[in-house]
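What follows is a short report on a single structure.
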């Protein structure tokens, strides 16, 4: 049960056939996804689907339902997304040996390239529509993107089991300084459902539908500005021109609180800490150790601390300007 490492086609194909109510061919194409297991499958009528098996213990079942609810709300508001199929039992999430899965129609597209002012404007319009869908309801089983609620626990987990002893005090000092400095700026900003990982790799351009949003796996409750800053080519406020172009498009359907711009560099620091915590949880995985043999060494943590100190300076500069 929950044996993700031995999830093989001969095991899961019968379950997918039963869930879809159709016969599948032996065509199985794995997608390059480390966190989840994702495969292209095909029916005997040559219809292609994408089957996604969610990594156990990453999200609760209710959290997956929150993800799907957000996607369905987007589709209801005619935002181009790829909705999970309703399976033979009428639900969008199936179970196989304790592992949750969903099946999606296969949709091809070209990764969107941001070229010129009009491209930034288009993304802003898309985000405003996405966030209008996001405000319809809450996602109670999803994380709240807050320094106190998410970043502090990540820091504490790293201090407990991860950071070399000689670097713990320095790491704790810079991380707590970041959290304490930025937390007041989060207190009065509206929280809605957001994509959470909104970068160009998750935006496809299709001739028939325009810009399509994919991969809601990291959706969360948080400030709208989180879905802006990953696209910016530089720190804030050096990238203010591009942010203004997105906000101009965004304002067609929705307003954004300009105070949230001060959260951009804070969110960047939070993502740095999150990534360290995520890597720490994977450090004993064979694939991870093979790809990142030096991860977690004393020298590694020294570099991380220096990077966080530099980022703290960026936060202070953004606040003071």
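The values are calculated or read from the model by the stated rules, or taken from the named source; none is laboratory data. Predicted model only: the values in this text are computed from it and were never measured. Note: ideal-geometry Cβ built from the backbone for every residue, glycine included; neighbour counts use all protein chains shown.
Quick notes on this structure:
- Of the residues 121, 131, the single one that is more than 19 Å from the chain's Cα centre (by Cα), part of a helix (DSSP H, G or I) and either on the phi < 0 side of the Ramachandran plot or surrounded by fewer than 20 Cβ atoms within 10 Å (Cβ to Cβ) (or both) is 121.
- For segment 262-282, filtering for residues that are under 20 Å from residue 313 (Cα atoms), in contact with a helix residue (DSSP H, G or I) (Cβ under 8 Å, 6 or more places away or on another chain) and free of Cβ contacts under 8 Å to residues at least 40 places away in the same chain leaves 1.
- Pick from segment 139-163, criterion modelled with pLDDT of 95 or more and assigned to a loop (DSSP other than H, G, I, E, B), ranking: nearest to residue 81 (Cα to Cα): 139
- Checking segment 217-225 against the condition returns a match, with at least one residue being assigned by TED's automatic domain parsing to the domain that holds residue 194, crowded, with 19+ Cβ neighbours inside 10 Å, free of Cβ contacts under 8 Å to residues at least 60 places away in the same chain and in contact with a helix residue (DSSP H, G or I) (Cβ under 6 Å, 6 or more places away or on another chain).
- Of the listed requirements (1) surrounded by 17 or more Cβ atoms within 10 Å (Cβ to Cβ); (2) in contact with a helix residue (DSSP H, G or I) (Cβ under 8 Å, 6 or more places away or on another chain), residue 251 misses just one: (1).
- For residue 182: the one exception among (1) farther than 23 Å from residue 298 by Cα; (2) outside any helix (DSSP H, G or I): (2)
- Residue 77 meets each of the listed conditions (1) in contact (Cβ under 8 Å) with a residue 40 or more places away in the chain; (2) surrounded by 15 or more Cβ atoms within 10 Å (Cβ to Cβ); (3) under 26 Å from residue 136 (Cα atoms) apart from (2).
- Single match in 224, 318 (criterion: farther than 30 Å from residue 56 by Cβ and assigned to a helix (DSSP H, G or I)): 318
- Scanning segment 192-216 for residues that are free of Cβ contacts under 8 Å to residues at least 24 places away in the same chain and either in contact with a helix residue (DSSP H, G or I) (Cβ under 6 Å, 6 or more places away or on another chain) or more than 18 Å from residue 82 (Cα to Cα) (or both) gives a single hit, 215.
- Qualifying residue in segment 186-198 (condition: assigned to a helix (DSSP H, G or I) and buried (at least 17 other Cβ atoms within 10 Å of the Cβ)): yes
- Residue match in segment 12-33 (condition: in contact with a helix residue (DSSP H, G or I) (Cβ under 8 Å, 6 or more places away or on another chain), outside the structural domain of residue 136 (by TED's automatic domain parsing) and part of a loop (DSSP other than H, G, I, E, B)): yes
- Residues (in a helix (DSSP H, G or I) and touching a residue at least 12 places away in the same chain (Cβ under 8 Å)) located in segment 243-261: 243, 245, 246, 247, 248, 249, 250, 259, 260, 261
- Selection status of residue 236, farther than 19 Å from residue 125 by Cβ, assigned by TED's automatic domain parsing to the domain that holds residue 314, at pLDDT 95 or above and part of a helix (DSSP H, G or I): no
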